[in-house]
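**Q** Take this structure, written in structure tokens, and hold onto it; I'll ask about it next.
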Amino acid sequence: MRRAQEDENRRLLRARDAIDRSYDQPLDTAALAAIAMVSEAHFIRRFKAVFGETPGRYLQRRRIERAMSLLRTADLTVGEICVEVGFASVATFTRSFKEIVGETPSTFRDRGPGVAPYVPTCFEKAWTRPSSAVSRR
């Protein structure tokens, strides 16, 4: 039994790795469940149990993380960043960004870096990583 659980967890990790690799592409639950070699319903249940959030929410958070990085470093418009990270609509991107980060992409960009330059990058990333919990700022 334990061996079967380990095998399923490895397959779930492969599906999560596919999300991490292809976050900017259209991804559907059926394709991810196929990677994990389980049904869609089982995949969603197990993914949430193992990683703490649904595959859709995980994908959305990964896209927002990448958008946060691009807003800090790239000379692209919000619309260009929206497309770059895999959103089809600027309105959906802005709504999702505000829900997760607590402010609009433009406000986030205008505010500039929020962490002092002498803080190690690993700490900055941990502090600024969007939470899977919904922000109500």
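**Q** Give the Cα extents of region 48-112 along the principal axes, in whole Å, largest first.
**A** 38, 23, 19
**Q** Return, for the Cα atoms of the chain, the radius of gyration and Dmax in Å, separated by a comma.
**A** 16.5, 53
**Q** Follow-up. Name the most mobile residue of G56, G79, G112, meaning the one with the largest mean-square fluctuation, in a Gaussian network model of the chain with Cα contacts below 10 Å.
**A** Of G56, G79, G112, the most mobile in the Gaussian network model is G112.
**Q** While we're here: Can you tell me the orientation of helix 90-101 relative to the chain, as the angle in degrees between its alpha-carbon axis and the longest Cα principal axis, to the nearest 10?
**A** Rounded to the nearest ten degrees, it is 90.
We did not get these values from a lab; they are worked out from the coordinates using the rules stated. Predicted model, so just to flag it, every value in this text is computed and none were measured.
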